[in-house]
Structure formats: structure tokens, C-alpha cells
Amino acid sequence: MKKTANELQKERIKEIEEKASQLLEKCAVVTLASVNEKGYPRICTITKVRNNDFFEIYFMTSKRSHLNGKATHFENNTKASVCYYLGGDSVTLIGDVAIVTDMDEKRKFDNDCDRNFFKKGIEDPKCYLLRFRTNEATFWIEGKFRTCKYKAH
């Protein structure tokens, strides 16, 4: 039985999403953009702590300044973008960052915490766990381009 155009489209989307997730698994460092206090994008490289495919990505950062820096940016504006690249393939994600404050949830990441930087581990008040959730993804994988929108997870 011949597949419908809709079925083929869904298969192609699933395939590129799987490749995007595999690509992210290979990328320890990604870029994360926040919106600064003047409304400008601020991009930084950051180590990915964990991820759930490309739909949910966790990062740790320090809140050293109350005036600027990504922790302060995300307190004031949750809009964010993540980008990762390897071997000619790239993915750009748009979504929102939440600062995880629930200590039970944060403790699940205690082993991921850099003890050289955060002496008290995840309990350090300057240690911020960031959770990025994707609502749009633009893929450039194996010469194929596609943008997909997602509902909140």
C-alpha cells in the first residue's frame, strides 16, 4: 500500500529528529543565547549536563552577578536559543529556560556539579540548574533543511 504524503512527511520529520538527537549526544558543548538587560541576544558556549533528546536540555551556571550574566537574564526573560554543530550538520533550537529551584529535582544533578567551582555542590546558592525546553527546531542535517514547531512538553 502506497504511503500518503502526510505519512511520508511524518516519517521524514521523525528521521531528521532522530538524527538531531544523535547529533546532540555527540556534542558536549553547545551555544546558549539569552536576552540581556538591554534586549540584546547574548550567546555563550556552555557544557551540556544532560538532555532528553533535543526537547529538553540541562545546564549548570553560576549566579555571580545580580546585574548581568545568563542566570540573571533568564530570571528576567525566559526566551532562549540553543545551537549545536558537528561535521557540517547543525541544529538551532528556540525555547524557554526555567531555573530549577526544587531541591529534590536539583539533587538528581549533584554528581554533574563541578565541585571545584561549587564547593557545596548543587546545594551552593550560586549554583543554578537551567532547564531548556524546545518549542521550535531548525535542522540542517545531511544537506536536508527543515523547521518544526513543538507544543510545550
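The values are calculated or read from the model by the stated rules, or taken from the named source; none is laboratory data. Since the structure is predicted, the reported quantities are computational estimates derived from the model, not experimental observations. Quick reminder, even Gly has a Cβ in these numbers, built from the backbone with ideal geometry, and neighbours come from all protein chains shown.
Details
- Of all residues in the stretch 115-153, those being acidic (D, E), surrounded by fewer than 14 Cβ atoms within 10 Å (Cβ to Cβ) and either out of contact with any helix residue (DSSP H, G or I) (no Cβ under 9 Å at 6 or more places or on another chain) or closer than 18 Å to K48 by Cα (or both) number 1.
Residues are listed down the side, and each one gets a yes or a no for (1) surrounded by 12 or more Cβ atoms within 10 Å (Cβ to Cβ); (2) within 27 Å of K151 (Cα to Cα):
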position	(1), (2)
V82	yes, yes
Y85	yes, yes
S90	yes, yes
I94	yes, yes
T101	no, yes
R107	yes, no
D110	yes, no
C113	yes, no
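- Some residue of the stretch 63-77 being β-branched (V, I, T) and closer than 26 Å to N111 by Cα: yes
- Residue in the stretch 57-71 that is charged (D, E, K, R) and surrounded by 15 or more Cβ atoms within 10 Å (Cβ to Cβ) present: yes
- Taken over the stretch 28-56, the criterion of being touching a strand residue (DSSP E or B) at 6+ places or on another chain (Cβ under 8 Å), among the charged types (D, E, K, R) and either surrounded by fewer than 15 Cβ atoms within 10 Å (Cβ to Cβ) or over 22 Å from I141 (Cα atoms) (or both) is satisfied by R42, R50, E56.
- No other residue among E136, E105, E75 is in contact with a Cys (Cβ under 9 Å, 6 or more places away or on another chain) and of a type in the set (D, E) apart from E136.
- The residue pairs whose first member lies in the stretch 1-21 and is of a type outside the set (F, W, Y), whose second member is modelled with pLDDT of 90 or more and part of a helix (DSSP H, G or I), and whose beta carbons are closer than 8 Å, counting only pairs six or more residues apart or on different chains, are K3/E11.
- Note on the stretch 1-27: residues that are among the aliphatic types (A, V, I, L, M) and surrounded by fewer than 11 Cβ atoms within 10 Å (Cβ to Cβ) amount to 2.
- Cβ-Cβ distances below 6 Å connect the following pairs, each with a first residue in the stretch 31-56 that is within 15 Å of T72 (Cβ to Cβ) and modelled with pLDDT of 95 or more, a second residue that is aliphatic (A, V, I, L, M) and loosely packed, with under 15 Cβ neighbours inside 10 Å, and a separation of six or more residues or different chains: A33/I43.
- Filtered residues of the stretch 35-45 (kept if of a type outside the set (D, E, K, R), in a strand (DSSP E or B) and in contact with a helix residue (DSSP H, G or I) (Cβ under 8 Å, 6 or more places away or on another chain)): V35, C44
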